[in-house]
Every structure is written in C-alpha cells, then in structure tokens.
1. Sorted by mean Cβ packing within 10 Å, highest first, what order do the peptides A:495-505, A:453-463, B:22-32, A:540-550 take?
2. In peptide A:769-778, how many Cβ atoms from other protein chains are near each Cβ within 10 Å, on average?
3. Can you tell me the Rg and Dmax of region A:176-334, counting just the alpha carbons, in angstroms?
4. Please work out the Cα center distance from region A:476-512 to region A:440-459, rounded to the nearest Å.
5. Using only the Cα atoms of region A:580-728, build the gyration tensor, take square roots of its eigenvalues as a ≥ b ≥ c, and label the shape rounded, prolate or oblate: rounded if a/c is under 1.5, else prolate if a/b is larger than b/c, else oblate.
6. Kirkwood hydrodynamic radius (Cα pairs, Å) of region A:28-180?
7. Ranking B:92, A:156 by Cβ neighbours within 10 Å, fewest first, what do you get?
8. Counting pairs of Cα atoms in region B:3-104, how many percent are more than 17 Å apart?
C-alpha cells in the first residue's frame, strides 16, 4: 500500500516536471497510478470481501511509538474503487478534453490549455488521488488529518490552476479558507477523541469508543470539519465557486471523490458515536438543510455545470442523512448511493465538459439541440440524469428505494418522519433539476430570440470522438448494469457495510421489492418531479419572487465575503498602526517589550539589596558618569555630545581600574581616544547643532520609555548579582585561574582567556571588526568618485527631490498605480 | 556588586535609550555608545565584587577579581567600537547624500500600510458571487 502511495507521488511529480514536453499526454502518464491501484485492488478484493482486511505498517520512529498504519477493509475497498476507478476514466477523458481542437472557446481558455498548465493539472490530480487514498486507508487519526489537508491543498491548486483568471483565484481562495478552517476544527476534534480514547488508531477506537462530554465537544469539531469538506450548509458556497476549474477536476475532485471525504469520515464515526450527544441532531439538521437548499438552487441555474454543482451539494446532504445516522439499514442505502452517485455524476460532468469543449458554452439559453451524431452522448446523458432522478431500472433508483425503505421501516430516530419528508421533497427537486439538465441539453430551454449563429453553434457542433466519450459511456454502462442486476454487487456492498456495521444483516439488493411503502413514495417523487418539470415556468417565477423576498437575508456567500472584507480592513488598520515606517516607534515597541516582560519575572526573584557602596571612589566616578551621560542626552551641539560620550568612556576606564581590571582600562582608554577622533572627523562635515525637526515621539513618551528601560536594568543587575552567589561548586573562573599558568603558559589570566581558552571568540571578534571596517570604508568612500566621467551618486540624488516628503512620495506612487485608497 | 553600580548601569541604559529614540543619527550613535558602556558595567559587576588584578604570582588567587567577565567585557568594548565606527560611516554617507543625518521614515513601510491588495482580493470574490446571483435571476 505504501508503494502505491509512493507511486502516486512519483507519477504526480513526474507529470508536473514533464508537463511542457507531454502536454495533455501527461494524463496518460498520470493514468498509470490509478491503473496500478486498480490492479492491486483486484488481487486484494477476494480476501477483503471475505472479511480479512489487508493491513500495512510502517514503523517510523519506533522509540516514540510513531507508526503509519494502513488498513484496507470493505468500506475502504469501496472508496478506493471509486477514487481509482473514476480517476482512471478521468485521466482518459482529460486527454481528449485538453485536445487543441476548440472552435469557440479558444480565445477564453488558451492560458488554461497551455502545455505546462495541463501537465501541472495532471500531476496535481495524481497527487490528489494519492492523498485521497491516504484518507480512506489511514488507520491513524493524525495521518488521516494530514492526508485530509493534502487534498485541500491540491484542490486549492487545481481550482486556481489558471492563475491569470481572477475568478479562479477568488474561488480557490474561498475553497481553501473554508475547508482550511474546517480542517483546523477537525484536528482539534481528532485530538480530543484520540486523547479521550487513549489511542489514535481507528480500529482500536472502534473496539472501545470513548464517551463523555469532552468527546461530544470533539465530535462537534469533527463534524464541522466534515461539513466544510463535504460542502454542507452553511459551508457549501465554495463548491459551486470551484466550478471555474477545468471539467476533469470538477468531475473528479468536486463531485466524485474529495467532497466525499467528509461523508467518509461521518460514515466511519457514525456507528461509534451517533448515539452520543448532539451528533444525530446536527447531522440530520445540516444534511436536510443542505439537501433542500442544494436542490432549490440547482433548479435555478442556467449554467449546466453549476446546476450539477448544486446538485452535488444536494446529494452530499443526502449522503449525510444516510451515512450519519449510525443505523445499518439506512447506511446500506448510503453505501449504494456513494457508488451510484460516483457513476452518474461523473458521467454528467464529463458530458458537460464535452458540450463546453465542442460548443464553447454551457448555458442552457444558448444550446439549441444537437445534430444526429450526438445520439450516443445524449443517450448517456439521459441515462445518467434518470439515474440521478431515481427512475426505476437504473442504479440511482436502487439507492433511493433503499433510503426510503430504511427511513420508513427502520428509522427509529427522533425526527425520522421529518427527514423522510425532506428526502421525498428534495428527491422531487432532484428529479426536476435532472429533467432540467436533459431539457437544456436538448435545446428546450434555449432563448427563443437567439441569433442564428448560436443555433448553428450547437446544431453543427463537432461530435465528440470515441476517446472523449468512452469514459462517460462506460460509466453509463455500469449505471445500467447495476440498475438491472444489482445482485452482482451484493458481496461488495456487504463487505463495505460490514466494515462499518459488523452486526448488519447480509445484503441482498433487488431490482424490484414489490409494492412497498418505499415504492409508493418513489412514485410520488417521480410524479412530483414530472409536475415540477411541466409547470417549470410558474415554478421559476415563484422561485424568483421568493429569492427577491429573501434578498436582504445574508446568504452564506455574502457573509463569507463580509467576513473576509472585515478581516482585510482590520489587518490593514493594524498594519498601518504597527508598521508605520518610523524607526523611533519601532525601537520603542521593541525596547518596551524587551524590558517590561522580563521585569515582571525579575521582580519575583528579587531578594534584598546588596551593599550600598563598595568604595568611596565609586561615588565620585558614578556621579561624574551619570552627569556626563545626562549632559550627552541634553546638549544641543553635536561636538558637545561627542565629548560627553568620550568623558563617560574615560571615566569607565577609571572604574575598571578600581575593579581590578587593568586590561579593560587600557583597552577602554585606547578605544575611547580612537572613537572620539573618528567622531570629530565626521562632525567636521556636519552642521554644529541639531536643526529643529519634530521628533517622531513626544518627549514625555521618550522619557517614559527610557525610565522603564533604566528601571528594568536596575532590577536585573540586582537580581543577577544575587543569583551568582547561589551557584554551588567551583566556578568556571576558578578553573581558568588555576590552569592559566600550567596550560596557557601565561600569568595574565584575562589575556590567556582571550587568546587561548576562548580563542575562537576572539577570532569571531576580529571578523566582526573586519566586516565593520570593510563596510565603513565602502560607505565613506561613496560619493568621492568625482572626475571619472559620469555623475556621482550624490549628484544623481541631488537631482531628485529631497526624500523628506514621505506622504507626498507615497501619494505619487499610488497615483502611478491608479488605485483608490480608502482613508 | 553594589546598588551604586546597578544604578550606574541603569542610568547609562536609560540615557542611551532616550538618545536612541531620536531622529538624528549622531544622537543615535551617542546613545548606542552609552548603552555599550552600560552593558560593560553589567558584565563587570556580574563577576562579583572588586578584587586585585588577576595576574598569577602577583597576589593570592582568592583575592583576584573574576577574570572571565573581564575577557567578555573586553570583547564587548572592541565590538561596540566596530559598530560605532560603522555607524559613523553611515552618518557620513547620509550627510553626503542628503546634507543631513536624519533617519527618515521608511517609505516602503508607509506604502505597505496603505496598500489595497486585500480589498482587491475581496472584490474579486464578491464580483464572482454577484455574477452567479444575477445569472440565477435571469434564468
């Protein structure tokens, strides 16, 4: 199994790397990964169906008990079949989709069809497929989370693959913000559950699920993560937005696989935790709302792809209702729906892609009915849409019957009746939007007053080639086959259900269950759907007025954008305040943080004052130094300030003498002389006194900051000297004094330390001096290059306006950019 | 270590910080010089009380002042000098270019503070959402 994950990684990176050469044929390379997975799956399927899951373990850090466990049980088998099966078909489909022939759309999608962009797409999809396999195979909660986030990231990159399109960027950003937020909630939830259960292994949690109020909180976090990923209300807005991605991506990630990750997680956890706390209430409420809202909005779309996207939202809500209850009879319907949905929705997406590719539009108002060569495509579309609508003899009907039957006869949960009504109502809507899809494709919904070019556009559209159509056709064949002979799936579905609910009865799927309550409801659904389709004009009018009445209710989309705007504005205000470009303000902030915070800690360690004065000489020295320092900070003339600094330096030398440090005194004396000479050299050029210029910070503020720093240093010095006396054992200095003569062959201990014991330090110090000297020389020499032909830097800068007018400079820059600045 | 020397270090740091918070490069240099002296006082006093120069055979080692902080302080003195020299050169260059030694506000930072990138990003998302809503109304 690890080999397969690695294979996806290798193939994905290879496809990205070779995108320029391979172009659309990168998808042929990409197809090798799902193909290999499917072959491996066939070798494992027998054992897994018989109830012995395949396991793999990778010991990572043995000492910490870190290991990666993969388990292929019945449910994972079903998910992997979907991920790799659809993945393989999508790869084949994409080779044709990205073919250069593009009669009407070539002006809009040239960038997206660029070979490198296509190669990147193929590689990303393979990487995504690997991450998706990781989700369904991981037996460790944290590993599952990592793969989960990897799918979010690859989804972000795939939606935003055409990075020149602002809509693609906006949609990608929205998708990753919403799923990323959910991901954080999920991580918190998984950690809570893992800690409460004492294990992060899913198989061990299944054996002994934890309970308690803290677990309930964790479960709510997990559900938030699952809801964002599976586009449940109110987090569904990112999924329709994601439709800006090329159709293979939408068909694969945003209908067949990634959006089912949330459903997968809910399905795994529901048997363990559905009875706990608020799980069922949450899942059933959110699932019902999503199923209805998705259906209602799908019915209003004119873009076939958006219609399918809202349809997916609705179906995902349906899956939540089925797999989130934790009841085996209802979960059975969910398992079948997972399969059926993957088959019909991928087909429909592929057909939308074909239409888009051949005509350049997906708008039902511009589709006027295709020529006779489109019969097969139309047949596939009708079968898939009918399966989605729940028409008998098709795969979708089986799952819908099971769902209705499950809720009718085994739905012993609170509110089951309400959920059943929701499912029936939403299924009516599903029938209606499926019909809308078919009618749109046959040109029934075309605008009556269309110009002739539009009519010709669809009538004369080039029919898709066999490679283009084959994936959709083969899925249609599956929809028909499993609809007519559902028994063939018995073992497969039984293994999947058994992995979730070990105590579930053996599965027997039937085409015909007799005149049961479920069949009556199915008939009602079909009848209602037909009525909605026949009276579609009044329905649309009613929906429009309903939408107009709700205009002022904040939708999820608008709330999201408002939140984003608020965050942006707030962030900008904070930045404008904190990062305002003034060095003194930066220094104040740094210095205050660096002093006030430690001061709090120091005060706690303070244990009494040491002696007040060590030696009478100190009183005079310190008095003179403090006076000179104060004078240096007050005097108005530069030269006076420099001399005061020099005075402090020479007095420091005196202090060193009294402390028994003659080397320091000598060095200080020499250096101070040098500094003063340098200072005077520079000052020779500068005007003698400071010109008046408003300081960045008011004087009281500066005094306040300085006092705070002084206070902290005072406390620090006292606390630090106290700490030294508390050290036990021989001190490092004593060792150095003892070994100075025998090891360093020197009498002066300080010198021996510098050149011997801490010789590397001294080498570093010399390097610093060299770097500083090199910098100083090169800085000082700039502007001296007169007479070598061109103007000096100084002259060039003189021509520019003095840079003192900062706001003016910013305004000019913004004017150049022609953007509006809110003030 | 005495309260008096702690006070000296505090005074040097305080006046140094006061100078550091000004716009003039020459005052900033003086400020850094004062802070450098202050940290040397701290280093020196971290070696405990005063003593005799740590030179072997000149006195009893127990009467020595601590040599290790002295070595550290020596390094500190030299490095402070390196930094100061570099700042002198910077001041000289600043004067060469602008005939002044003021540290100006950073134009880039001021510009970033007023940037509009976030708004543009949000506007893209809002425009996309509006388009979808309009499409629905027409359909």
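Just so it is clear, none of the values below were taken in a lab; they were calculated from the coordinates. None of the values given here were measured: they were computed from a predicted structure. Glycine also receives a Cβ, built like all others from the backbone with ideal geometry; neighbour counts cover every protein chain displayed.
1. Working: A:495-505: 19.3, A:453-463: 15.7, B:22-32: 23.5, A:540-550: 12.2.
In decreasing order of mean packing, A:495-505, A:453-463, B:22-32, A:540-550 become B:22-32, A:495-505, A:453-463, A:540-550.
2. Values: counts 6, 1, 2, 9, 4, 1, 5, 10, 2, 2.
Mean inter-chain Cβ contacts per residue within 10 Å come to 4.
3. Radius of gyration, then largest Cα-Cα span, for region A:176-334: 15.7, 52 Å.
4. One Cα centre to the other: 42 Å.
5. oblate
6. 17.3
7. If I rank by nearby Cβ atoms, fewest first, I get A:156, B:92.
8. 61
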